[in-house]
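Structure record follows, encoded as structure tokens.
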Amino acid sequence: MTCYAEVSFPDPIGEGTLTYHLPADRDIPLIGSRVVVPVQNRRLIGYITRIHHEQPTFKTVALGEVIDPLPLFSAAMLKLAEITAADCACNVGEVLHAMLPGGIKQKIVRMIRACSSDSSEPALAWLRERDWVPYSSLIAAFPQAAAAVKDWLSGELVEISHSISANPGPKLIRVLKLNPQMPVEPDKLTPKERQAVQTLLSFATAPTAAQVCRAAQISSAPINQLKKKGLIIEIEERVMRQVADGDYYQRPQEQPPTLSDDQQKVLNEIRTACSTDKKPVLVRGVTCSGKTEVYLRWVAEILGQQKTAIVLVPEISLTPQMMKRFTDRFQSQVAILHSKLSDGERFDQWEKIRRGICPVVVGARSAVFAPLPRLGTIILDEEGEPSFKQGDSPRYHAREVARHRCQLESAQLVMGSATPTIDSFYQCSTGSFRLVEMDARVSDRRPPQVKVVDMRHELVARKNRSIFSQQLSDSIKKTLASRKQVILYLNRRGYSSFVFCRECGKAVECPKCNVSLVYHTGSQIMRCHYCSEIQTVPDICPSCNSRAIKFFGAGTQRVESEAKRYFPEARIQRLDSDSVSTKGSMEEILDRFGQGQIDILVGTQMVAKGLDFPNVTLVGILAADSLLRLPDFRASERNFSLLAQVSGRAGRGDCPGEVILQTYYPEHHSIQFALTEDYHGFYNKEVQMRHETLFPPYIELASFIISSSDKERAANTAKALHDLFVAHPAVDPQLLLGPAPAAIEKINDRYRFQLLLKMPDFELLTRTVREITRQLKKPGDTRLSIDINPCFML
């Protein structure tokens, strides 16, 4: 009986899977294996999601090469991929692809070569000088060749093949060992040969020739002579690529500290949940309450049960510090996963995890898919951080994936934050999550004193146009005089947020997007933070030819520049994605700050959460209301969370802390509640507003962005999607908003229209979305982006 395989792809094709038959002489591949298959005139890599004997009503083609002799995914991970795909309204193949690290993923490379000398065409002559070359290399060298390839193929002037790109694979080095078959007779060796042998024997593990030469202070000649005599052999040996974890921020902790009453209470609650109903546990703990120590104790208990643990942090900047805390406690049992690793490093870390060498994984969002056996717990630190949501398809939320994975593998989910999401805290009130709270700082440390500066008064009464209020400037001087450290927070990169003409009143905009270009002083260019368009600063206004060009607004580069001008004796460093573009630079900056080599650290949200520097006694928040201007129902929540978290960086040592909030909107409830870190007060105010406007957590929400290079085409497709929803019996037209131009109407030369759909039930929402979007026709280059329960509305 013929076997058939359903194959799902990383990119959406048709309605999710394509069916292929297995040749009679082939072994049946395992579900989850990657396979090379033909799709029209292409060859693609897909994932086998089902094997069956149900003959389809259409003609099938044969399954191609199976890449993986052994499956990459366990049964639980395959089920997790199905659940996540359903939750995100995407293909299973997209989720399976997201589960693999960059060092494992492979792609099809289209290759071309000349097979005739009949033509004098320059591109063909170029090909004849080479063997097989990537098709992309040909087009890069001769762009006009793209239109001619079809004719060349029919004229048998070229041939095309496809190959699978190689992954980094294991790292092999050549090492030296004594030949056990050839006994060493020292009397027959030269002095330097004897020295080489003695040095070789002194190494605990087999060294390279270079290591022996360096340690023995000899040239390679004695080594070569010993190899010729057969006394030394050189063999290949695999080594794991080292992920630098550094000696960061704090001294190694020899013994765990005594737990506070709050910490012990939380640990007991986690134990109770794990031994009974395994409900997710949400730990709401004020900043500096000692949540990380609870995580460490809980992971130690999990390891004692011969199980494994995943610890998720939202920001790459938090990974080194959390890594240091866990390696201090668990040494080489810890693996690390985040986007800054090279493909080779990811490959080795993934292998160590899969083989059970490292039972603890610390990493960012995608580490939730780490292939740990015997999973015992997943911990989400800073649960309220929106970066746990994936920005492109599959748009999963690490919290929801972790919840499903813990259910599938009977593991315990623990979430912690000083400012949990409104959605998660609401789940506690419904009984879906267990809530445990920590309201005291460790060692009875006092919370920082928070002061608000009304920048409207600063401008009118003091005539102060500086980005530093008088109060903040005075506090910085006092802090520096007492040899303490300062963090200045502004969630905006660059020097100036826009370049403005004072005659016509227009800002210089990105030609591809409906946003202003941001001026970056280091490179003296203007950059779009959406499409990466780069332009030089104009001498005259592009709109009216005036020379009245001026820079407005402030970014972290300007804050750094102004701080150096106001506080010339201070050692000042900026920490944002522009300043840490090279590998290891972020760790180096934080290491220097932790060692007291930096007085003022200027940063974006990279400095907002989780970092623990006891010598920081002053935090200045330069624009405490910047997030409130966004057209997003979560703007107040995000603003409150950031203010509370940034404030928590001050006073984590023995000295009291001070926080100064600069704002033009001091009366806003997110700012008022952040002053005292009153989460309950903020939550009650926020859920009341959301109940009145019918937004999550009281409703399920889906966002649809329809985009095209043609504005009319995008608008018409958005209207067609609207009409399909209106015609569906499960949809209440009053809960369908749009279509309307998106908040940012054009990005990278694509016009964007948005619809919002609200429904009372999550499963009904995702099912309806899948049914309707399959019916939607997307003409030309139209794209549809689906985000279920979005974290951002832009």
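Nothing in this text is a laboratory measurement; each read-out follows from the coordinates by a stated rule. From a predicted model like this one, the values you see are computed outputs, not experimental measurements. Positions of Cβ are generated from backbone atoms using ideal geometry, with glycine treated the same way; all protein chains shown enter the neighbour counts.
Brief remarks on what is shown
- Among V311, S8, I67 the positive-end extreme of the charge dipole of the chain (Cβ point charges): V311
- Dipole check for the range 108-164: with +1 at the C-beta of Lys and Arg, -1 at the C-beta of Asp and Glu, and the Cα centre as origin, the magnitude is about 200 Debye.
- On full extension, the segment bounded by R774 and K150 gains 221.4 nm, given 0.36 nm per residue less the C-alpha separation.
- Kirkwood hydrodynamic radius over Cα pairs of the range 629-762, then Stokes diffusion coefficient at 10 °C and 1.306 mPa s, in µm²/s: 89 µm²/s
- In terms of Cα atoms, the Rg and Dmax of the range 368-420 work out to 11.4, 32 Å.
- Sorted peptide list for 94-105, 555-566, 465-476, 193-204, criterion being average Cβ within 10 angstrom, highest first: 94-105, 555-566, 465-476, 193-204
- Cα gyration tensor shape of the range 281-384, rounded if a/c is under 1.5, else prolate or oblate by comparing a/b with b/c: oblate
- The three principal axes of the C-alpha atoms in the range 261-444 carry coordinate ranges of 43, 36, 31 Å, sorted with the longest axis first.
- Quotient of Cα Rg and 2.2 N^0.38 Å for the range 362-508, N being how many residues it contains: 1.54
- Helical mean residue ellipticity (222 nm; -39500 (n - 2.57) per DSSP H run of 4+; nearest 500) of the chain: -9500 deg cm²/dmol
- 5 angstrom amide H check on L375, placed H, neighbours 5+ away: T308
- Three-way shape call for the range 150-279 based on the alpha-carbon gyration tensor, with the a/c threshold at 1.5: oblate
- In a fully extended conformation the segment linking R547 and E236 would gain 105.3 nm over its present Cα-Cα distance, using 0.36 nm per residue.
- Panel values: the range 63-202, Kirkwood radius from alpha carbon pairs, Stokes-Einstein at 10 °C and 1.306 mPa s, translational diffusion coefficient 75 µm²/s.
- Cα gyration tensor of the range 108-164 - equivalent ellipsoid semi-axes, whole Å, descending: 16, 12, 11
- In the frame of its principal axes, the range 157-205 has Cα extents of 68, 27, 21 Å, reported largest first.
- Placing unit charges on the Cβ atoms of the charged side chains and taking the dipole of the chain about its Cα centre, the candidate lying farthest along the positive direction among V436, F704, T17 is V436.
- Stretchable slack from R214 to R354, in nm (0.36 nm times residue separation minus alpha-carbon distance): 46.8 nm
- As an equivalent ellipsoid, the chain spans semi-axes of 44, 39, 32 angstrom, where each value is the square root of five times an eigenvalue of the C-alpha gyration tensor, largest first.
- Ranked by the mean number of other Cβ atoms within 10 Å per residue, highest first, peptides 390-398, 277-285 order as 277-285, 390-398.
- According to the Cα-based calculation, Rg over Rh for the range 4-99 is 0.94, with Rh computed by the Kirkwood formula.
- Alpha carbon centroid spacing (whole Å) that separates the range 327-372 from the range 171-241: 33 Å
- Each residue in T521, T308, T773 was given a count of other beta-carbon atoms within 10 angstrom of its own, and listing them fewest first yields T521, T773, T308.
- Kirkwood estimate for the range 592-652, i.e. one over the average of 1/r between Cα atoms, Å: 12.6 Å
- The per residue volume of the convex hull around the alpha-carbon atoms of the range 460-594 is 133 Å³.
- The charge dipole of the chain, taken about the Cα centre with unit charges on the Cβ atoms of Lys, Arg (+1) and Asp, Glu (-1), comes to about 1380 debye, rounded to the nearest 20.
- The range 522-640: mean projected area of Cα convex hull, nm²: 10.3 nm²
- Note on the range 402-458: Cα-only Rg and Dmax are 17.9, 57 Å.
- Space enclosed by the convex hull of the alpha-carbon atoms of the range 262-329, per residue, Å³: 104 Å³
- Extents of the range 171-239, largest first, come to 37, 27, 20 Å (Cα atoms, principal axes, whole angstrom).
- Amide hydrogen proximity for C513: with H placed 1.01 Å from N in the peptide plane, the residues at 5 or more positions away or on another chain lying under 5 Å are N748, D749.
- Here the ratio of the Cα radius of gyration of the range 700-788 to 2.2 N^0.38 Å is 1.02.
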